[in-house]
Every structure is written in C-alpha cells, then in structure tokens.
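The values are calculated or read from the model by the stated rules, or taken from the named source; none is laboratory data. In this text, all values refer to a predicted model and were calculated from it rather than measured experimentally. Please note that ligands, DNA and RNA were not included when accessible areas were found on the heavy atoms of the full protein model with its side chains. Shrake-Rupley method; radii C 1.70, N 1.55, O 1.52, S 1.80 Å.
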Amino acid sequence: MPPRMPNPSLVVPDVLPPMRALVKAVNSVGVPLQTLVLIHLRVSQINGRPVQIPVKKREFEEAGEEDHRLPLVETWREQTCFTDAERSVLALAEAATRIEGHKDPVSDEVWAEAARHFTERELGAVVLHIGLVNLWNRVNVATKQEPVDWRINPKTWTPMTTRLPAAP
C-alpha cells in the first residue's frame, strides 16, 4: 500500500534540516549508538511502527548489523543479554512513550535508575531521542510511510529524499 502522502518532513519547507540537526546533536553527546538503536526499536514497537529487523544470520551479515540482540528487544525484561545501563533506558523509553492514562508515567525509580548510568547530558540526549523517535513514529504511522527495514545495509540504502518524484 502506498503512503498517503510523501513524508511531511519533505513536504513542509525547512522542516527536515533542523530535525536532522537534532538527531546529529543527540548522536554526538556520547550515548552509545547501539543504545540509541535499542531505544529506537523499542519505542517503534510500542507505537506500532513496523521495523523489519534481521533475524537470520545471513540477514545480519547482509545488513552489516552486528547486534544480534535486536530480535530480543521486545522481551528485554526477560533477557539477560542487555546491560544494566541499556535496561534502564529501555524502561525509561517505555515509560516516556506510554504516557496515556498515567498521572506520573515516568516514575522517580525509573528516572533514578537511568540517571545512575548516564550523565545529565547523556540522559538529556536519551530523553530527546525518545521524543524524536515518538515524533517520527507518529508522523510515519499517520501518513502510512513504508516500514523501516533494518535488514538493508546502510551503505547500499537509498535515502527517501532521493526517492521523491521530481518537482514539476
């Protein structure tokens, strides 16, 4: 099924550059990229945003993906392969994403555990990353954008900006 429209970040003038700048700023703070990927995947799962992840050895190899824990993110609480720091921000990501119907969705305990593992700057980047992933998820779900396919090697991936039809 084709998207309802091109991605709004490409349709509304001057929106994409500052959003990319935010992503770049968040990525430059020092939170491991692997941790940000885990957060991205978990938030997307909660929001119903399809993410196609590698599950077979060959898919991991073709995608250039080294983190074989990706298929376990949805059940991270039952897994032993995630570090305490990763577990703390996965809990924070879940709490900050599932806010409906909760008076205090991010408990002091969840916050304190994440703060135990990350500096204030890093924790700020994590919170912004959670917010950005939620924003992108909502935009993409509302407009029925193509599912994210993490089975594609980033070196051979074609950015959506180059897949747009030429302007008339």
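So for Leu16, Leu90, what's the accessible-area order with a 1.4 Å probe, most first? Before the final figure, lay out each step's value.
Values: Leu16 25, Leu90 0 Å².
So, going from the largest accessible area down, we get Leu16, Leu90.
Using a 1.4 angstrom probe on the protein heavy atoms only, line up Glu109, Glu120 by accessible area, largest first.
I get Glu120, Glu109, largest accessible area first.
Any idea of Thr75's accessible area? Nearest 10 Å², probe 1.4 Å.
Accessible surface of Thr75 is approximately 50 Å².
Residue-wise, which Karplus ³J(HN,Hα) couplings in Hz belong to the range 75-85, taking 6.51 cos²θ - 1.76 cosθ + 1.60, θ = phi - 60°, and x for glycine or proline?
Residue by residue, the range 75-85 yields 10, 4, 5, 8, 9, 9, 8, 9, 6, 4, 5 Hz.
How would Lys103, Lys24 line up by accessible area, probe 1.4 Å, largest first?
Per-residue accessible area, sorted high to low, gives Lys103, Lys24.
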